[in-house]
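Chemist: One structure coming up, written as structure tokens, with questions to follow.
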């Protein structure tokens, strides 16, 4: 077994996360799909850092985690604000800009 | 790569993929959140196995500890029962989405399968711990990025405060306003003090039993208004009469003495008779 398996696993997780974003309507679940994609990217970073013996990959993964935390805070605040005004967490119902 | 890590990978990886599929297919949002928590904890284990113990700990603290708990809080706020609608707003969106997801997986897998990776060098060094190595890089090469990320986190915190802030439509009613309103309502039958608490008897201590005032009369306001409207208020005299019956059964002599000396129970009975 090589480190390739980790990369393949991260690809699978990324694809599942992307499919979740495309298919689900609940905004919170869509957000979790985004988180899954970020985590898959982190796994690839850590694997490549080990492959090349370079700690820079791990540092980048650390930055990804920090930015993801900030993104989650703002995103969930937006979801809560939308829920307060429209009483729904579905991405289909937030279509005020369409008409 | 050792056999131990082989076993770890082949145990964890299928479970992780299953949990990720759980996120995709779970009907309820809470189940999806628990699945994602499982994936993240497994990822932390994999980081630790891959010479990144610091990232593994940070993964658990930040992702499962902070981010997913925040998700669960928002789920509780929005309503746990808020499940997906199954109505397709764009026709064929589901199949197009499945197709795109499978296509993305195929493209990524194909690229990884085509590439030839060098043999693993590994990061475990005997003379320096992993967090020390990371700190050297983080505060050496990336010190400006580190500062920018700090600013980003502060901005995100302020943004969350601003976005979830709700401006109140009416002026705030504080302690002083409440007191003023009570005094103003005094001529029209309002009361300054809080309502009396429900009664406590030898065999009854519940919300539906009225308290007795100084002269032995039941106070109706001591029972919740809802119970009074529903007619679920219990009568104080019935409770007292039941208590006296029990006393009479157990201590006949003492009860007889009290009856002679003390007219109190009689008076209570009499007042309720008048009320009735």
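Read-outs throughout are calculated quantities, based only on the coordinates presented, and are distinct from any laboratory measurement. No experiment lies behind these values; they were computed from the predicted model shown. In this analysis, Cβ positions are derived from the backbone assuming ideal geometry, glycine residues included, and neighbour counts consider all displayed protein chains.
Chemist: Which value at 222 nm does chain B reach when only helices count, each DSSP H run of 4 or more adding -39,500 (n - 2.57), with the total divided by all residues and rounded to the nearest 500 deg cm²/dmol?
Modeler: -19500 deg cm²/dmol
Chemist: How would you classify the stretch A:4-86 from its alpha-carbon gyration tensor, with a ≥ b ≥ c the square roots of the eigenvalues: rounded for a/c under 1.5, else prolate if a/b is greater than b/c, otherwise oblate?
Modeler: oblate
Chemist: Would you look at the GNM of chain B, springs on alpha carbons closer than 10 Å, and say which of B:199, B:150, B:122 moves the most?
Modeler: Residue with maximal mean-square fluctuation among B:199, B:150, B:122: B:199.
Chemist: Based on DSSP H runs of at least 4 residues, each adding -39500 (n - 2.57), what is the mean residue ellipticity at 222 nm of chain A after dividing by all its residues, to the nearest 500 deg cm²/dmol?
Modeler: -27500 deg cm²/dmol
Chemist: Tell me whether chain B comes out rounded, prolate or oblate; compute the Cα gyration tensor, take square roots of the eigenvalues as a ≥ b ≥ c, and use a/c under 1.5 as the rounded threshold.
Modeler: In terms of gyration-tensor shape, prolate.
Chemist: Give me the number: length gained by fully extending residue B:151 to residue B:128, i.e. 0.36 nm times residue separation minus the C-alpha to C-alpha distance, one decimal in nm.
Modeler: Using 0.36 nm per residue and subtracting the Cα-Cα distance, I get 5.3 nm.
Chemist: Count, for each residue of B:235-248, the Cβ atoms from other chains sitting within 10 Å of its Cβ, then give me the mean as a whole number.
Modeler: That average works out to 0.
Chemist: Also: Rounded to the nearest 0.05, what FRET efficiency do residue B:139 and residue B:69 have when you use their Cβ-Cβ distance and R0 = 22 Å?
Modeler: For R0 = 22 Å, the calculated efficiency reads 0.15.
Chemist: Which value in Å does the Kirkwood hydrodynamic radius of the protein assembly as shown take, with 1/r averaged over all unlike C-alpha pairs and then inverted?
Modeler: 26.6 Å
Chemist: So, R0 is 35 Å and r is the distance between the beta-carbons of residue B:213 and residue B:246; what FRET efficiency does that work out to, to 0.05?
Modeler: My answer for the efficiency is 0.90.
Chemist: How do A:85, B:116, B:155, B:64 rank when sorted from fewest to most other Cβ atoms within 10 Å of their own Cβ?
Modeler: Ascending number of Cβ neighbours within 10 Å: B:116, A:85, B:155, B:64.
Chemist: Which order do B:176, A:98, B:182, B:28 fall in if you start with the one that has the fewest other Cβ atoms within 10 Å?
Modeler: With the fewest neighbours first, B:176, A:98, B:182, B:28 line up as A:98, B:176, B:182, B:28.
Chemist: Please rank B:73, B:144, A:83, A:14, fewest neighbouring Cβ atoms within 10 Å first, as an exposure proxy.
Modeler: Result, fewest neighbours first: B:144, B:73, A:83, A:14.
Chemist: If each of residue B:89 and residue B:115 carries a label point 7 Å out from its Cα toward its Cβ, how far apart are those two points in nm?
Modeler: Reported label-point gap for residue B:89 and residue B:115 is 3.6 nm.
Chemist: A follow-up question, please. For the stretch B:151-203 and the stretch A:1-66, what is the separation of their C-alpha centers, rounded to whole Å?
Modeler: 47 Å
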